[in-house]
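Shown next, in structure tokens, is the structure this report addresses.
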Amino acid sequence: MIDMRYDAEISYMIHVDFIALMCKVTKKGVESEYFCFFLYLCTQKIAFIMKKLCMIASFAMILAACQESLEDRCARETKEYTRKNCPAKLDKNINIDSLTFERETHTLHYYYTLTGVADREGVMEDINGVQILKDNLKNSTALKTYKENHYNFTYTYRSEKDPKKILMEVTLTDKDY
């Protein structure tokens, strides 16, 4: 990356040297000193403006380079979360297996495994699992950005005894939160 501050400093030094040369050449009295002082002030102002413009341009380029779309951020964060934290035991009978992002549908997909006494058909209905998920999603501040952008959230609960068996799968949309 080009350091524009360095270019501004070189430009400033060239201006100062030019003014010093002009003052030596035109040194004929009081009027010349005022002229030299005026040139010096103008150069100072130009150098100040150039430095500010270079800093603003540098800052703008840094911001532009650092921007990533919400979709890209979501994809990156779900991969990182899964890599660092999964699988993990969330509760006595619940493990989180992974978290994925489905770009086409803007869906964050959570995969869980139910174990022990929770590993049976109808357990999520018995505890009103869908309503609990809706309430947790409504109250979640960590997902605020995704909710503001109308992302979907899918929760899949599988059996530990029979991993192919889905005990509950629900997708919550912006109408649910």
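Things worth noting here:
Results for (1) farther than 17 Å from residue 73 by Cβ; (2) without any contact (Cβ under 8 Å) to a residue 40 or more places away in the chain; (3) outside the structural domain of residue 74 (by TED's automatic domain parsing), shown as yes or no for each residue.
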| site | (1), (2), (3) |
| --- | --- |
| 104 | no, yes, no |
| 110 | yes, no, no |
| 114 | yes, no, no |
| 120 | yes, no, no |
| 124 | yes, no, no |
| 150 | no, no, no |
| 153 | no, no, no |
| 164 | yes, yes, no |
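- Residues within segment 84-102 that are touching a residue at least 40 places away in the same chain (Cβ under 8 Å) and among the basic types (Lys, Arg), tallied: 0
- Odd one out for residue 95 among (1) at pLDDT 95 or above; (2) in a helix (DSSP H, G or I): (2)
- Residues located in segment 56-90, provided they are modelled with pLDDT of 95 or more, over 17 Å from the mean Cα position of the chain (by Cα) and not in a loop (DSSP other than H, G, I, E, B): 82, 83, 84, 85, 88, 89, 90
- Residues satisfying the stated conditions in segment 144-170, i.e. part of a helix (DSSP H, G or I) and touching a strand residue (DSSP E or B) at 6+ places or on another chain (Cβ under 9 Å): 146, 147
The values are calculated or read from the model by the stated rules, or taken from the named source; none is laboratory data. Computed from a predicted model, the values in this text were never measured in an experiment. So basically every Cβ, Gly included, is an ideal-geometry build from the backbone, and we count neighbours across all protein chains shown.
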